[in-house]
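The values are calculated or read from the model by the stated rules, or taken from the named source; none is laboratory data. Model, not experiment: these values are computed from the prediction. Every residue, glycine as well, gets a Cβ built from its backbone with ideal geometry; the counts of neighbours run over all protein chains shown. Side chains are part of the model used for accessible areas, which takes the heavy atoms of the whole protein and leaves out ligands, DNA and RNA. Shrake-Rupley method; radii C 1.70, N 1.55, O 1.52, S 1.80 Å.
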Amino acid sequence: MRIGIDLGGTKIAGIALDTDGTTRAETRVPTPRGDYAGTLDAIAGVVAALERQAGTTQACVGVGMPGAVSRATGLIKNANSVWLNGRPFAGDLAARLGRPVQVENDANCLAVSEAVDGAGAGETLVWAIILGTGVGSGIAVRGQALTGRNAIAGEWGHNPLPQPRDDERPGPACYCGRNSCIETWLSGPGLAADFFRCTGQTLTGEAIVARAQAEDAEAAAAMTRYRDRLGRSIAQVVNILDPDVIVLGGGLSRVEGLVAALPGTIAPHVFSDHFDTPVRASRHGDASGVRGAAWLWGAG
């Protein structure tokens, strides 16, 4: 039995999977924002509840979370759930649960989930992208997360927008201290900010998508810009990683027609005589992160 925990900024989701990936139990609770000890207690409570529901004890536990465990210090870094940063989260949680735990970046959990039994099943190298309130990505090789020497593999969202046009320079400021990060263009708030710069209108990303589907010209133009920027940004990684499959997750990945349109916007920027890498929507949707956390212990 494997338990997966998806530690988000507003909720902690948990799932128990048996050896063939069948869901045996699920639950979720609010995240105790700003409360480190409370977060550890909440996760312990979720694990206990899942074990009761599934009729097991001492299940393997994997946790997907924003940020990563620093290779240098063993402490959490880069988490937008800032009360986790600088804390020995993995060790503290293992002590709290009385067993080893696996802790991994949430985008890597998406990649693992889709590689094991999702849209990338059977492929060697899966690159999974999250397009939502934030933008990130994860890499799975033979069903296992590629974390990297500095625990930053897949931090695609904090690279600059490739091949910027004159009207895209210097680009929006990012909370990380840089300008023109891919996240500032391709996240939901980034789409809204682009629409405001071009029209002076304040709309959410969801509203822009809805207007575009209703054939509003300004919203449709915003989505055309979005697809072009996404294609350029994906091609940059394809030229380095050349994955077997690209999987899209997050709220914006569900925009009608986006997945189907992407190969045509990626191909012109790929350094190859052809581009046939499949682009697919995540099979497990919003559950992919928590399933991937459960699979951190491996599928064997």
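Observations
- Taking segment 165-177 as the range and being surrounded by 13 or more Cβ atoms within 10 Å (Cβ to Cβ) and either modelled with pLDDT of 95 or more or part of a helix (DSSP H, G or I) (or both) as the test, the residues that pass are E168, G171, P172.
- Sole exception among (1) within 20 Å of W185 (Cα to Cα); (2) open to solvent by 30 Å² or more (accessible area, probe 1.4 Å); (3) touching a residue at least 60 places away in the same chain (Cβ under 8 Å); (4) not small (G, A, S) for P263, by number: (3)
- Members of segment 266-293 found to be open to solvent by 20 Å² or more (accessible area, probe 1.4 Å) and among the small types (G, A, S), listed by number: A267, S272, A281, S282, G285, A287
- Filtered by the rule that a residue be in a loop (DSSP other than H, G, I, E, B) and among the aromatic types (F, W, Y), segment 249-300 gives F271, F275.
Let's see how each residue does on (1) within 19 Å of the chain's Cα centre (by Cα); (2) under 23 Å from G264 (Cβ atoms); (3) of a type in the set (D, E, K, R):
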site	(1), (2), (3)
P170	no, no, no
G177	no, no, no
I182	yes, yes, no
L191	yes, yes, no
T202	no, no, no
R229	yes, yes, yes
I234	yes, yes, no
L241	yes, yes, no
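- Residue check for D244: over 30 Å from A13 (Cα atoms) and at pLDDT 95 or above: no
- Segment 261-289, residues that are aliphatic (A, V, I, L, M) and farther than 30 Å from I15 by Cβ: A261, I266, A267, V270
- Selection of helices (runs of 4 or more DSSP H) fully inside segment 9-124 by the criterion of at least 3 residues being open to solvent by less than 30 Å² (accessible area, probe 1.4 Å), within 18 Å of R291 (Cα to Cα) and not acidic (D, E) returns 36-54, 106-117.
- The set of residues from segment 169-216 being within 23 Å of R232 (Cα to Cα) and basic (K, R) comprises R169, R178, R197.
- Within segment 227-260, the set of residues being on the phi > 0 side of the Ramachandran plot and open to solvent by 50 Å² or more (accessible area, probe 1.4 Å) comprises just one member, D242.
- Scanning segment 18-33 for residues being among the small types (G, A, S) and at pLDDT below 95 gives a total of 1.
- Some residue of segment 270-288 being of a type in the set (S, T, N, Q), over 15 Å from G120 (Cβ atoms) and touching a helix residue (DSSP H, G or I) at 6+ places or on another chain (Cβ under 7 Å): no
- Note on segment 2-47: residues that are more than 22 Å from the chain's Cα centre (by Cα), among the hydrophobic types (A, V, I, L, M, F, W, C) and farther than 17 Å from G98 by Cα total 1.
- Residues in segment 217-226 that are surrounded by fewer than 20 Cβ atoms within 10 Å (Cβ to Cβ) and either within 21 Å of the chain's Cα centre (by Cα) or of a type in the set (G, A, S) (or both): 3 in all.
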